[in-house]
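**Q** The structure's right below; bear with me while I get my questions together.
The values are calculated or read from the model by the stated rules, or taken from the named source; none is laboratory data. A quick note: this is a predicted structure, and the numbers were derived from the prediction, not measured. Virtual Cβ from ideal backbone geometry, glycine too; neighbours counted across all protein chains shown. With ligands, DNA and RNA removed, areas are computed over all heavy atoms of the protein, side chains included. Shrake-Rupley method; radii C 1.70, N 1.55, O 1.52, S 1.80 Å.
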Amino acid sequence: MKQNEILTPLKAARRNKLLSIARREFLANGFRGATMEGIADAAGISKVTLYGSFQDKEAVFHSVAEQMAEQMIAAVKSDLDIEMPVADAVANALVAKHDIIFDSLRSSPFSGDLFTAKHDYVAAVVRD
C-alpha cells in the first residue's frame with residue numbers, strides 16, 4: 001500500500017485479513033522464519049498479489065506492528081474514557097495494552113525473535 005493511500009472499505013477489509021494472516025505466520029514461524037511465500041500461501045493468494053500490497057516482509061511486519069499499536073491505542077482510550085478514579089483508569093488501560101501483546105505472544109515460541117524485530121522497527125521509525 002502506498003503511504004497515505006485511502007482504502008475503500010473492501011480494500012481495507014482485504015488488507016486487514018492479510019495482516020491477520022501475516023500476524024499468525026509471524027507468531028507461528030518468527031520474523032526470520034516467516035516468508036512472503038508462506039504468508040501468500042496461507043492467504044490463498046499469489047506472491048505477486050502480496051507484493052502488490054507490500055514491498056517486502058519487513059513492510060508486512062511493520063504493518064502488523066502498526067495494526068497492533070492501533071489496537072492498543074483503542075484499548076487504552078476506551079479504558080481512559082470510563083468514569084472512574086484516574087489511577088484505576090490508568091491501571092486498566094495499561095493492563096488492556098499489555099494484554100493485547102501477551103495474548104498474541106504467549107503461545108509463540110518465537111516471541112524473542114519478534115520482540116527483536118519490533119525493536120529494530122521502532123529504532124528505524126525513531127531514526128527517520
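**Q** Out of ALA65, ALA93, report the one residue that is touching a Phe, Trp or Tyr at 6+ places or on another chain (Cβ under 8 Å), outside any loop (DSSP other than H, G, I, E, B) and surrounded by 14 or more Cβ atoms within 10 Å (Cβ to Cβ).
**A** Residue meeting the stated conditions: ALA65.
**Q** Given (1) at pLDDT 80 or above; (2) part of a helix (DSSP H, G or I), identify the lone condition not met by SER108.
**A** Condition (2) is where SER108 drops out.
**Q** Looking at (1) modelled with pLDDT of 90 or more; (2) closer than 24 Å to THR8 by Cβ; (3) not polar (S, T, N, Q), find the lone condition where MET68 falls short.
**A** Against the list (1) modelled with pLDDT of 90 or more; (2) closer than 24 Å to THR8 by Cβ; (3) not polar (S, T, N, Q), MET68 comes up short only on (1).
**Q** Next question. Among the residues that make up the stretch 71-85, is at least one of them under 20 Å from THR8 (Cα atoms) and exposed (fewer than 15 other Cβ atoms within 10 Å of the Cβ)?
**A** Within the stretch 71-85 (the criterion being under 20 Å from THR8 (Cα atoms) and exposed (fewer than 15 other Cβ atoms within 10 Å of the Cβ)), the answer is no, since none of the residues qualifies.
**Q** Here's something else I'd like to know. Against the definition (open to solvent by less than 70 Å² (accessible area, probe 1.4 Å) and without any contact (Cβ under 8 Å) to a residue 12 or more places away in the chain), how does LEU7 come out, yes or no?
**A** Yes.
**Q** Determine whether the stretch 17-39 contains at least one residue that is touching a Leu at 6+ places or on another chain (Cβ under 6 Å) and among the small types (Gly, Ala, Ser).
**A** Scanning the stretch 17-39 turns up no residue that is touching a Leu at 6+ places or on another chain (Cβ under 6 Å) and among the small types (Gly, Ala, Ser).
**Q** Among helices (runs of 4 or more DSSP H) lying entirely in the stretch 1-62, which contain 3 or more residues that are basic (Lys, Arg) and under 22 Å from PHE110 (Cβ atoms)?
**A** Values: elements: 9-33, 36-43, 47-53.
Filter on the stretch 1-62 gives 9-33.
**Q** Moving on to the next point. What single numbered condition from (1) closer than 23 Å to LYS11 by Cβ; (2) in a helix (DSSP H, G or I) fails to hold for ILE101?
**A** Tallying (1) closer than 23 Å to LYS11 by Cβ; (2) in a helix (DSSP H, G or I), ILE101 fails exactly one: (1).
**Q** Let me ask something additional. Count, please, the residues in the stretch 21-30 that happen to be buried (at least 19 other Cβ atoms within 10 Å of the Cβ) and either among the hydrophobic types (A, V, I, L, M, F, W, C) or touching a Gly at 6+ places or on another chain (Cβ under 6 Å) (or both).
**A** So the count comes out to 5.
**Q** Those residues that are on the phi > 0 side of the Ramachandran plot and surrounded by 13 or more Cβ atoms within 10 Å (Cβ to Cβ), I need them from the stretch 31-62; list them, please.
**A** Selection gives nothing.
**Q** Scan the stretch 96-108 for residues that are over 14 Å from the mean Cα position of the chain (by Cα), without any contact (Cβ under 8 Å) to a residue 40 or more places away in the chain and surrounded by fewer than 11 Cβ atoms within 10 Å (Cβ to Cβ) and report the count.
**A** Looking only at that region, the number is 1.
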